[in-house]
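J.: Sending over a structure as structure tokens; questions will come in a sec.
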Amino acid sequence: MKLWGGRFEEGPSEVFERFGRSIHFDGRLIDCDIRGSQAFARALERVGILTAAERETLVSTLESIRVDAQNPKFLDGLMDEDVHTVVIRMTKERAGAVADKIHTGRSRNEQVSLDTRLWVREEIDRASELLAGLMTALLDCAAKYPDAVLPGYTHMRRAQAVLWPHYLLAYFEMFSRDFERLQQARARVNVMPLGSGALAGSGFPFDREAIAKELGFAAVTNNSMDVSADRDWALDFLYAASTIMLHLSRLSEDWILYSGEEWGWLELGDGVTSGSSLMPQKKNPDSLELIRGKCGRVFGELNALFVTMKGLPTTYNRDMQEDKEPIFTAADQLNASLEMARVVVDSAKLHVEKPAAAAEDSWVVATDLAEALARSGTAFHQAHQIVGRLVLESVRNGKKPADWTAEDLVKFDAAFKPEMIALMKPSEGMKTREIRGGTGPATVAKALATARERLASFTK
Ligand code: ARG
């Protein structure tokens, strides 16, 4: 069965049929397609195309297909053109001639927009829940080691000491913005297109608001040509997904490093690491490497749809059928990665003495010292020079911050005060950073508590 054909003398070639067919991927939309058609049957009744009995037959027939389609093998081996064709064919097989009315005043161009919006909306809700789960895990991991000190890096060189919760809260911020981006994408997805027809608006006076309400949409679209042409809402989702993957890939990279022998800070659970087939000692962070790797695929899907849409003439073009696989792949990879990341975070143990030693071993206290000098009246530029010389001398003589005494410090430069020796401990200088957003211990404790509240407000 085809939804078109009267105008043709010959049928499509086997090659074209095979080439144009989308059922093997857009079959995933079947549940959304059916729910959309059930709402549309009610709209057809309201405009007098269907009687109440006909509507009832169609809605219940569609429901029986919807239930059967929950069997994952349901679509195996089907040769229909696309998911819309399958649903109409089966409705006809089960309900008879009344099915011939279901597509009155409707185009697949708006139908595919409706189905995919419904599908993406559900995936956004799933991703949002998984993201909130990961954020909970990060806060739990932060709370386990409230006082742990580590060197923060710039240029991949030890820079200044920070608290472990401060580091994890940086990711909490990234993921909070991601959560917002998902909700913003959802708002653009959540607009009801039916009634647009192929491009010019339907020839039947459907109550579009009623359809929207039935299907849980917040609004209806404003312009039929825009509906037929638009995939911005899919790009919004792909961008939100890409940003989450970007953040996940950076967290993965950090933790791959921090759990390696050179750092030795983190121990990842046995359950999220794997061994080598050759080297018996290996414990590889494959889960994190895969997340980092899948990030590239999701970016690729965003790029793929951008390139597909670029320069397409107004309105619908068959090119747009190529939107489905990018959306499906990105959603699958995103949700799988979020689920995986949470399990990794839950499994991780921090060996607090290792990052603490890394901080003490290096000169992450240098800025604290220079700022102390500036506070006691030395101009910062001079203070920077003095501490720079202190570091140079220490490096030359193999001296660590802890090797200095108050006496030696004052002897090195009279600008130093004996009490500044306390700042040779990385955890001391942090206490000067109680500015909002800083790594001061009291500030971080408060930020952690606030983060919990913010997360609770996201998920309610
Ligand atoms: N399978 C098509 C798609 O995904 C549905 C719309 C077909 N419309 C058309 N005019 N051929 O885009």
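The values are calculated or read from the model by the stated rules, or taken from the named source; none is laboratory data. The structure displayed is predicted, hence computed values, not measured ones. No Cβ is skipped: glycine too gets one built from the backbone with ideal geometry, and neighbour counts run over all protein chains shown. We work out accessible area using only protein heavy atoms, side chains counted, and drop any ligands, DNA or RNA first. Shrake-Rupley method; radii C 1.70, N 1.55, O 1.52, S 1.80 Å.
J.: Return one quarter of the surface area of the convex hull spanned by the alpha-carbon atoms of region 374-460, equal to its mean projected area, in nm².
T.: Values: hull surface 29.8 nm².
Averaged projected hull area, Cα only: 7.5 nm².
J.: I've got another one for you. For region 320-327, in order, what is each residue's ³J(HN,Hα) by Karplus, 6.51 cos²θ - 1.76 cosθ + 1.60 with θ = phi - 60°, in whole Hz (x at glycine and Pro)?
T.: 5, 4, 6, 6, 5, 4, x, 5
J.: Still on this model: Alpha carbons only, please: Rg and Dmax for region 266-396, in angstrom.
T.: Just the Cα atoms of region 266-396 yield Rg and Dmax of 25.6, 71 Å.
J.: What is the spin-label model distance, in nm, from Asn317 to Leu246 if the labels are put 7 Å beyond Cα along the C-beta direction?
T.: 2.8 nm
J.: Please give me the summed charge of the neighbours of Val15: other residues whose Cβ is under 15 Å from its Cβ, Lys and Arg +1, Asp and Glu -1.
T.: On the way: positive: Arg18, Arg21; negative: Glu10, Glu14, Glu17, Glu81.
Combined, the nearby Lys, Arg, Asp and Glu give -2.
J.: May I ask you to give the solvent-accessible area per residue for region 73-211, in square angstrom, as obtained with a 1.4 angstrom probe? Provide the component values of the computation, followed by the final result.
T.: On the way: 5360 Å² over 139 residues.
Dividing the accessible area of region 73-211 by its residue count gives 39 Å².
J.: A follow-up question, please. With a sphere of radius 14 Å drawn around the Cβ of Lys282, what net charge do the other residues whose Cβ falls strictly inside it have (Lys, Arg +1; Asp, Glu -1)? Walk me through the intermediate numbers first.
T.: Values: positive: Lys283; negative: Glu261, Asp270, Asp286, Glu289.
Once positives and negatives cancel, what remains is -3.
J.: Shifting gears a bit: If you stretched the chain out fully between Glu10 and Leu392, how much longer would it get, using 0.36 nm times the residue separation minus the C-alpha to C-alpha distance?
T.: Working: separation 382, 0.36 × 382 = 137.52 nm, distance 8.52 nm.
Contour length minus Cα-Cα distance gives 129.0 nm.
J.: Would you grab the residues whose amide H sits under 5 Å from the one on Asn190? Only those 5+ places off in sequence or on another chain, please, with H modelled 1.01 Å from N.
T.: So Asn190 has HN proximity to no qualifying residue.
J.: Just list whichever of Lys213/Lys324; Lys144/Lys294; Lys2/Lys324; Lys213/Lys294 have alpha carbons separated by over 27 Å in the model shown.
T.: Working: Lys213/Lys324 25 Å; Lys144/Lys294 29 Å; Lys2/Lys324 21 Å; Lys213/Lys294 37 Å.
Distance filter (> 27 Å) returns Lys144/Lys294; Lys213/Lys294.
J.: Run down the lysines and flag those whose C-alpha is under 27 Å from the C-alpha of Lys417, throwing out any fewer than 8 positions away in its chain.
T.: Lys399, Lys400, Lys425, Lys431
J.: Which of the peptides 430-437, 119-126 is most tightly packed, and how do the rest follow, going by the mean number of other Cβ atoms within 10 Å of each residue?
T.: On the way: 430-437: 14.6, 119-126: 19.2.
So the order, starting with the most tightly packed, is 119-126, 430-437.
J.: Let me know the charge dipole size of the chain about its Cα centre in debye, to the nearest 20, where only the beta-carbon of Lys, Arg (+1) and Asp, Glu (-1) is charged.
T.: Working: 57 positive and 66 negative charges, 160 e Å.
Once rounded to the nearest 20, the dipole reads 760 debye.
J.: Considering only C-alpha atoms, what is the centroid distance from region 252-298 to region 322-364, in Å?
T.: Each part's Cα centre sits 10 Å from the other's.
J.: What FRET efficiency comes out for Glu129 versus Lys400 if R0 is 56 angstrom and r is the Cβ-Cβ distance? Round to the nearest 0.05.
T.: Numbers: r = 47 Å, r/R0 = 0.84.
Using R0 = 56 Å, I get an efficiency of 0.75.
J.: How far, in nm, would the chain grow between Asn303 and Ala200 when pulled straight, counting 0.36 nm per residue and subtracting the alpha carbon separation?
T.: Numbers: separation 103, 0.36 × 103 = 37.08 nm, distance 2.96 nm.
Length gained, Asn303 through Ala200: 34.1 nm.
J.: While we're on this one: Quick one: if the Förster radius is 30 Å, what FRET efficiency do Lys349 and Ala170 give, using the C-beta to C-beta distance and rounding to 0.05?
T.: On the way: r = 20 Å, r/R0 = 0.67.
The value I calculate is 0.90.
J.: Under a cut-off of 16 Å between alpha-carbon atoms, report the lysines in cross-link reach of Lys283, not counting same-chain residues fewer than 8 places apart.
T.: Leaving aside lysines fewer than 8 places away in the same chain, those within reach of Lys283 are Lys349.
J.: I've got another one for you. Near Ser337, within a Cβ-to-Cβ distance under 11 Å, what is the net charge of the other residues, with Lys and Arg +1 and Asp and Glu -1? Please report the intermediate quantities before stating the final value.
T.: Working: positive: Arg292, Lys294, Arg297, Arg342; negative: Asp332, Glu339.
So the surrounding residues net to +2.
J.: Radius of gyration and Dmax for region 216-274's Cα atoms, expressed in Å?
T.: In Å, with Rg to one decimal and Dmax whole: 20.8, 59.
J.: Here's another thing I want to ask about it. Taking Rh as the Kirkwood radius computed over C-alpha pairs, what is the Stokes-Einstein D of region 159-264 at 10 °C in a medium of viscosity 1.306 mPa s, expressed in µm² per second?
T.: Working: Rh = 17.1 Å.
Here the translational diffusion coefficient equals 93 µm²/s.
J.: May I ask you to work out the translational diffusion coefficient for the chain at 20 °C, viscosity 1.002 mPa s, via Stokes-Einstein with Rh from the Kirkwood sum over Cα pairs, reported in whole µm²/s? Present the calculation step by step, with values, prior to reporting the outcome.
T.: Working: Rh = 26.3 Å.
Result for D is 82 µm²/s.
J.: Just subtract the alpha-carbon distance of Gln70 and Thr51 from 0.36 nm times their residue separation and send over the number in nm, one decimal. Numbers along the way, then the final one.
T.: Working: separation 19, 0.36 × 19 = 6.84 nm, distance 2.89 nm.
Gain on stretching Gln70 to Thr51: 4.0 nm.
J.: Also, I was wondering about something else. State the percentage of accessible surface on the chain attributable to carbon and sulfur atoms; use a 1.4 Å probe and exclude ligands, DNA and RNA.
T.: Working: 11810 of 22090 Å².
That fraction is 53 percent.
J.: What number comes out for accessible area per residue over region 314-365 if the probe is 1.4 Å? Units Å², please.
T.: Details: 2050 Å² over 52 residues.
Value returned for region 314-365: 39 Å² of accessible area per residue.
J.: Moving to a separate point now. Report the calculated FRET efficiency for Arg452 and Glu180 (r = Cβ-Cβ distance, R0 = 25 Å), to the nearest 0.05.
T.: Numbers: r = 18 Å, r/R0 = 0.70.
Efficiency, rounded to the nearest 0.05: 0.90.
J.: If you find the alpha carbon centre of region 156-200 and of region 419-453, how far apart are they in angstrom?
T.: 27 Å
J.: Under a 5 Å amide H to amide H cut-off, with H placed in plane at 1.01 Å, what residues pair with Val162 once short-range neighbours are removed?
T.: Residues meeting the amide H criterion: Leu150, Gly152.
J.: Restricting to DSSP H runs of at least four residues, report the calculated mean residue ellipticity at 222 nm for the chain, -39500 (n - 2.57) per run over all residues, nearest 500 deg cm²/dmol. Don't jump to the answer; show the numbers that get you there.
T.: On the way: 18 runs with 276 residues, N = 460.
So the calculated ellipticity at 222 nm is -19500 deg cm²/dmol.
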